[in-house]
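This report concerns only the one structure given below.
Coordinate-derived values only; no laboratory data. Because the structure is predicted, anything quoted here is derived from the model rather than measured. Positions of Cβ are backbone-derived with ideal geometry, glycine not excepted, and every protein chain shown enters the neighbour counts.
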Amino acid sequence: MNYKEYLMPVATMVVAMVVSANVAIAACATDGLPDSMEKPSGFPERALTMIVPYGPAGGSGQVAQAMAQAVTDLTGVAINRDHKPGGSGTVGMTAFMATPTDGYTVLEHIDDASSAHALDSGRPNPAEGLIPLVVSQITFSQIYIRENEDRFTDWNSFVEWVKAQDGKATIANVSKEGSMERVTMKFITDATGMKMQQISFDKGAPRYGALAGGQVDALFEQPGDVRKFLDAGKFKPILTVLKEAPAAFADVPSLKEAGLDFEPLFRFRGFYTHVGVPEDRVKWLQWAFQKAFCQKSYQDFNESKYMNLIESFRDTEGAKELITSTIKQYRDVYKEMGLEVK
Amino acid sequence: MQSFSNFLDGTIALFSDPLGILIFLGGVIGGMLFGAIPGVSMLTLAAILLPFTAHLSAEHGIMLFSVIYCTGVYGGAITAILFNIPGAPENAPTAFDGYPMTQKGLAGKAVGAAVMCSALGGTISAVIMMAATAPIADWAISAFGPPEIFALVFFGLTVAASVGAKTLWKGWLSILAGLMIAVVGLDPVGGIERYDFNMPYLLAGIHFIPTILGFFAVSEIFVQAEKKVTGVYKAPKLSVDFPSLAELIAHKFAVIRSIVIGFFCGILPGIGATLAAFMGYNEAVRWSKQRDEFGKGKLEGVISSETANNAATGAAMIPLLALGLPGGALTAMMVGVFQMHDMEPGPLVFLNSPELVWVVFAAMFFANLSILLIGFLETKTIINLLRIPFQFLAPLILLLATVGAYAVRGLVIDVVVMFVAGVVGFFLRRSGYSVAGIVLGLILGKIGEQTFAQAMQMLHFEWSGFIGRPIALSLLIAGILTILGSIYGAFFKRSHTEMPEHQG
């Protein structure tokens with residue numbers, strides 16, 4: 001056989017591989033959207049306001065800053081961030097609902113808005129009472145121990161040790177009853193038969209300090225929030241609260257590998273506008289925020305926060321599905337927990 | 001020697017960077033000015049600058065805030081002395097003697113003493129901080145958990161109750177009022193909504209900055225306005241005579257005592273400079289042979305208070321850097337600066353960013369020295385504020401205070417809180433309650449409630465768990481002894497320091 005007969009298909013295959021690899025590298029969820037979009041009747045002709053229901057320093061503050069910058073880079077429209085922290089997001093939501101429905105005010109919010117509605121239907125349903133423009137961060141949780149821990153070293157030895165403590169073992173968690181963290185811990189303790197004392201820390205720094213200083217035995221957190229401790233070799237994950245372990249944590253047991261059978265809950269952050277905003281303005285905002293998700297600056301930001309390990313993007317319809325299913329899941333769990341669902 | 005070498009490295013890094021020098025000087029002057037301008041404070045400046053620090057490097061942002069902290073604590077003394085409006089709670093005792101000195105035409109002496117003693121207290125505190133922070137950081141996270149922090153807060157509260165009010169009981173009632181205000185909003189453990197009266201904005205709780213502005217600045221305007229209306233208002237006399245060196249040397253023991261007190265108090269998280277100033281002042285009264293002269297314009301009162309509150313600035317950086325625990329409002333904002341740069345104050349900062357820590361240390365050291373140089377130059381200008389007629393100054397103070405209250409969280413309710421606190425403070429001061437005590441109760445109450453709940457969870461809701469934690473137990477016992485001692489003093493010795501009449 002002539003070597004050219006071999007060369008041709010091999011070359012074709014190599015080219016195909018290179019092309020597909022490039023596509024894979026370059027592919028981003030909203031690459032298919034147009035690079036620009038005409039402003040409907042001049043909207044927006046002034047800066048947008050983004051209400052952020054949390055402080056500028058936390059995860060929400062940071063994602064708001066990154067998204068606002070990406071939208072501005074893309075469209076040239078400035079975005080003023082207005083932080084209104086307090087009340088687990090209630091203050092910011094209330095302030096947003098009081099603003100005009102002209103499209104000039106957008107809201108950043110997290111899954112707490114969904115769980116709040118699940119518990120009290122008087123609170124706005126983010127899928128129906130608001131219009132999701134984009135969900136730009138979706139992440140999962142893990143359980144961490146100190147790297148130099150010698151009482152247990154992995155998930156199985158941890159479970160065994162906790163059971164031997166007869167309810168005295170401690171885990172640092174966030175405070176709010178009915179939160180994603182609390183509900184997930186209930187799933188885990190119910191499934192394993194562990195009894196643990198959850199210590200409520202509503203701020204990250206003391207929560208992480210408690211594990212680093214040996215004040216608690218373990219920590220429940222999302223990987224992006226403790227990345228610096230992971231990179232510094234201070235903490236190590238022993239359980240990933242996902243059905244299948246992502247490649248970055250391939251050696252950490254997933255729910256399936258740990259024999260835990262429940263649907264994991266996710267932490268997600270997104271951006272919303274009012275119901276009642278003129279349709280053409282909504283379309284422009286959807287384009288701007290969804291397209292901004294694929295701006296390099298935003299992608300770099302998400303990567304730095306481990307927000308690229310699972311698909312972090314949802315468009316309006318995808319966000320509605322995510323929120324609706326999350327609300328249903330929370331509501332079922334709350335009823336099971338005996339919480340009063342209004 | 002390692003610390004000295006690190007300090008030199010920090011100094012070189014600070015002064016070899018033109019932008020760093022610019023930010024340093026901006027912080028020094030800005031802190032002094034905002035501390036000195038009535039109605040606003042270093043906190044207002046910090047709140048305004050906070051979002052902009054995102055565009056600075058972490059070193060520059062944190063250095064800026066630490067410099068503002070050092071010079072702002074001093075700057076607040078100016079308004080306390082000139083207008084009886086403390087720039088911050090830590091300057092409140094300065095007003096006890098500083099304001100009467102102004103009324104006697106000795107404003108220059110009082111401000112000059114504040115400049116020198118603030119610089120001295122702050123510089124020595126910075127030196128001790130540099131020598132002590134790193135070792136503390138090594139053991140802090142393992143030694144200080146929620147039970148220990150709660151015990152520290154309890155201990156701080158027991159001392160705080162003995163200052164500022166006319167009687168011990170009014171002091172305690174003031175503290176308890178502050179603690180009650182602290183529970184408004186979501187509970188820090190279960191997220192339970194409390195005392196919101198169906199107003200969503202109250203879920204965010206009552207913030208201490210508008211409360212401070214109301215209790216101190218707004219209520220003082222009401223006090224002065226009342227005097228104006230009733231015809232007893234007297235415009236203060238103007239003078240720029242600074243104290244002589246001999247006058248200051250004569251008070252060397254008061255300076256040393258206040259440095260020790262200030263540094264110790266500064267280490268207590270959530271208390272810091274405020275308690276330092278009150279305790280420094282109180283101890284000056286206790287050890288003086290001329291007790292009757294305090295509150296009537298005695299230089300030692302200003303010296304003791306200002307030395308102590310600046311001595312607390314360096315010390316307050318220890319719980320912030322070692323534990324991630326802010327010692328007061330400004331150090332709380334510094335946490336925000338850290339987090340904006342994806343960092344958390346705490347021992348990991350020493351591990352991950354030692355260069356940042358030493359640039360900050362060097363900046364604080366030189367900021368305190370700068371108080372001496374710039375303070376004297378600035379003072380001669382600022383004293384001329386006394387020339388502004390009250391009817392023009394008062395609206396300006398109210399305007400600036402309103403902006404300052406709103407700027408903290410962008411909530412109108414904070415402005416409402418400020419004015420309510422102003423009215424309530426006006427009446428409370430007339431009846432001998434301590435508005436500083438209320439503010440302390442509010443600040444410490446939030447920290448104390450959270451750490452108490454965490455401590456009880458960690459100790460499995462068994463009080464006996466504190467016995468197994470020697471530091472927490474010692475602090476709790478010391479706090480209880482302090483309460484017993486103050487009760488004994490109130491009944492049998494009458495040694496309690498009464499608030500000077502003009503404050504009532």
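Annotations
- Computed FRET value (nearest 0.05) for B:W287 with A:E311, which takes r as the C-beta separation and R₀ as 51 Å: 0.15
- Cα gyration tensor, chain B - rounded (a/c under 1.5), prolate or oblate: rounded
- Shown for A:T192, A:T105: other C-beta atoms within 10 Å of each C-beta, ranked fewest to most, produce the order A:T192, A:T105.
- Span-like helix ranges in chain A, DSSP H, alpha carbon extent 30 angstrom or more, Kyte mean at least -0.5: A:3-26
- Cα lying deepest toward the dipole's positive end in segment A:142-249, options A:S179, A:V216, A:T189, charges on Cβ: A:S179
- For A:Y104, B:Y195, order by how many other beta-carbon atoms lie within 10 Å, fewest first: B:Y195, A:Y104
- For A:E221, the residues 5 or more places off, or on other chains, whose built amide H falls under 5 Å of its own are A:Q142, A:Y144.
- Interchain or long-range residues, amide H under 5 Å from A:V106's placed H: A:T49, A:M50, A:I51
- With contacts taken as Cα pairs under 8 Å at a separation of at least 6 residues, segment A:115-184 carries a relative contact order of 22 percent.
- Relative contact order for chain B, counting Cα pairs under 8 Å that sit 6 or more residues apart, in percent: 30
- Counting only cysteine Cβ atoms and a cutoff under 4.7 Å, the protein assembly as shown contains unmatched residues B:C70, B:C117, B:C265.
- Here the mean projected area of the convex hull built on the C-alpha positions of the protein assembly as shown is 41.8 nm².
- Charge dipole of chain A about the Cα centre (unit charges at C-beta), most positive-ward option of A:L239, A:S304, A:P53: A:P53
- Applying the Karplus relation 6.51 cos²θ - 1.76 cosθ + 1.60 with θ = phi - 60° to segment B:220-225 yields 3J(HN,Hα) values of 5, 5, 4, 4, 5, 5 Hz, where x marks Gly and Pro.
- Phi angles across segment B:169-181 convert, under the Karplus curve 6.51 cos²θ - 1.76 cosθ + 1.60 with θ = phi - 60°, into 3J(HN,Hα) values of 5, 5, x, 5, 4, 5, 4, 5, 4, x, 5, 5, 5 Hz, Gly and Pro given as x.
- Under 5 Å between amide hydrogens, built in the peptide plane, is the criterion, and for B:L186 it picks out A:G87, B:R194, B:G205 among residues at least 5 positions away or on other chains.
- Projecting the Cα atoms of B:P100, B:T44, B:V403 onto the charge dipole of chain B (Cβ charges, centred on the Cα centre) puts B:P100 farthest toward the positive pole.
- Efficiency of FRET between B:I467 and A:K342 - r from beta-carbon atoms, R0 35 angstrom, step 0.05: 0.20
- Cα-centred dipole magnitude for the protein assembly as shown, charges only on beta-carbon of K, R (+1) and D, E (-1), debye, nearest 20: 2860
- The P(r) of segment A:145-297 has a tail past 27 Å containing 33 percent of all C-alpha pairs.
- Computed from point charges on the beta carbon alone (+1 for Lys and Arg, -1 for Asp and Glu), the dipole magnitude for segment A:142-249 about its Cα centre is near 200 Debye.
- Applying 1/(1 + (r/R0)^6) with R0 = 30 Å to the Cβ-Cβ distance of B:I128 and B:F15 gives a FRET efficiency near 0.85.
- Residue by residue, segment B:461-467 carries 3J(HN,Hα) couplings of 6, 10, 4, 4, x, 5, 5 Hz when phi is fed to the Karplus relation 6.51 cos²θ - 1.76 cosθ + 1.60 (θ = phi - 60°); x denotes Gly or Pro.
- Ascending count of other beta-carbon atoms within 10 Å, so fewest first, for A:D73, A:D150, B:D196: A:D150, A:D73, B:D196
- Listed by chain and number, the lysines placed with their C-alpha closer than 18 angstrom to that of A:K236 are A:K228, A:K305; residues fewer than eight positions away on the same chain are left out.
- For chain A: rounded, prolate or oblate by the Cα gyration tensor [a/c cutoff 1.5]: oblate
- Compactness of segment A:47-125 was expressed as the Cα radius of gyration divided by 2.2 N^0.38 Å, which yields 1.10.
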